[in-house]
1. How many residues, within the stretch 19-64, are open to solvent by less than 40 Å² (accessible area, probe 1.4 Å) and outside any strand (DSSP E or B)?
2. Please list, ordered by first then second residue, the pairs with beta carbon atoms under 7 Å, 6 or more apart or interchain, first in the stretch 40-67 and at pLDDT 90 or above, second loosely packed, with under 13 Cβ neighbours inside 10 Å.
Amino acid sequence: MGQVLTGMKGVTSLLTVTSKLDPESGIRFRGYSIPELQEKLPKLNPEGEPLPEGLFYFNVIGRAADG
């Protein structure tokens, strides 16, 4: 990891740890499963799916957008 962070002079890169894929429980985004995020993230209507922008905001900021 140290080589990735300090040994790549002149190379543009990005390191991220926003999701985890567990073989038993499935993918998790910042500790939340997909069903948990379906409840937590903003939707256009209560029965619908979350907005993609809500998931993007959640991954960048670390919390669901108010509203």
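The values are calculated or read from the model by the stated rules, or taken from the named source; none is laboratory data. The structure displayed is predicted, hence computed values, not measured ones. All Cβ positions, even for glycine, are placed from backbone atoms using ideal geometry, and neighbour counts span all protein chains on display. What goes into the accessible areas is simple: the full protein's heavy atoms, side chains included, and nothing from ligands, DNA or RNA. Shrake-Rupley method; radii C 1.70, N 1.55, O 1.52, S 1.80 Å.
1. 9
2. Within 7 Å, the pairs are PRO42/GLY67; LYS43/GLU49; LEU51/LEU44.
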